[in-house]
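**Q** Quick one: the structure is below, questions incoming.
Read the figures in this text as sums done on the coordinates, not as results from a lab. Since the model is a prediction, treat every value here as computed from it, not as a measurement. Virtual Cβ from ideal backbone geometry, glycine too; neighbours counted across all protein chains shown.
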Amino acid sequence: MRRNSHSQPSPSTPCSRTTCCTTYLIGRAHSWKSGACSSREAPSNASTIGRGHLAELVALVPGWDLGRHAEAFGLETGSEQLQPFFAYIRVERFEDALAVTDAEAVLAYIRSSERYHGEDLTGARKTVQDAIARYGAFTIAKRRGVISCRKP
């Protein structure tokens, strides 16, 4: 599992987008409040995803759910959680899409995921191949961004 560079909630707890980003940013706010941070104007940043990120890919495999990350601390929900701690909050969206022209690349990505548990991918293969045949590519929406915040 990939871990973020900032500190973990505890050594035994795997890094989750919600726990790490929220804990890190709110921790920075408390450091400023207590005087432990010398620069009150230094921004804090957290990358996250928005609703619908990789939705076409998620739809290929029953049980996959990236939406919970977007709801827990995402582009649409993160700033509200940070408002009690920061005076300035900015959400920057970097939305684009992947246009995949090789069905096997999509299936290889699915198989490489920790969320994949050996499910049959026959239907996924057909869906991707049909999209490539019809549109020239299987398009996957990417809804990513950064939430920046700082004290006054």
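**Q** Any residue in region 91-114 that is acidic (Asp, Glu) sitting within a Cβ distance under 6 Å of a residue that is not in a loop (DSSP other than H, G, I, E, B)? List the pairs, counting only those 6 or more apart or interchain.
**A** Listed by first residue and then by second, the contacts come to 92/145; 92/146; 95/143; 96/142.
**Q** Here is a list: 123, 118, 136. Which entry is surrounded by 11 or more Cβ atoms within 10 Å (Cβ to Cβ) and out of contact with any helix residue (DSSP H, G or I) (no Cβ under 8 Å at 6 or more places or on another chain)? Steps first, please.
**A** On the way: 118 fails: surrounded by 11 or more Cβ atoms within 10 Å (Cβ to Cβ); 136 fails: surrounded by 11 or more Cβ atoms within 10 Å (Cβ to Cβ).
So the residue among 123, 118, 136 that is surrounded by 11 or more Cβ atoms within 10 Å (Cβ to Cβ) and out of contact with any helix residue (DSSP H, G or I) (no Cβ under 8 Å at 6 or more places or on another chain) is 123.
**Q** Can you find, within region 52-83, the residue that is surrounded by the most Cβ atoms within 10 Å (Cβ to Cβ) among those that are among the small types (Gly, Ala, Ser) and over 11 Å from the mean Cα position of the chain (by Cα)? Give the steps one after another, and end with the answer.
**A** Within region 52-83, the first condition is being among the small types (Gly, Ala, Ser), and the residues that meet it are 52, 55, 59, 63, 67, 70, 72, 74, 78-79.
Now narrow it down to the ones that are over 11 Å from the mean Cα position of the chain (by Cα): 55, 59, 63, 78-79.
Details: 55: 14, 59: 12, 63: 9, 78: 26, 79: 17.
Step by step, filter region 52-83, then rank; the result is 78.
**Q** Of 115, 134, 111, 125, which residue is among the basic types (Lys, Arg), more than 17 Å from residue 46 (Cα to Cα) and part of a loop (DSSP other than H, G, I, E, B)?
**A** Working: 134 fails: part of a loop (DSSP other than H, G, I, E, B); 111 fails: part of a loop (DSSP other than H, G, I, E, B); 125 fails: part of a loop (DSSP other than H, G, I, E, B).
None of the other options fit; the residue is 115.
**Q** Would you be able to tell me the number of residues in region 84-107 that are over 19 Å from residue 135 (Cβ atoms), over 20 Å from the mean Cα position of the chain (by Cα) and not aromatic (Phe, Trp, Tyr)?
**A** Counting residues in region 84-107 that are over 19 Å from residue 135 (Cβ atoms), over 20 Å from the mean Cα position of the chain (by Cα) and not aromatic (Phe, Trp, Tyr) gives 2.
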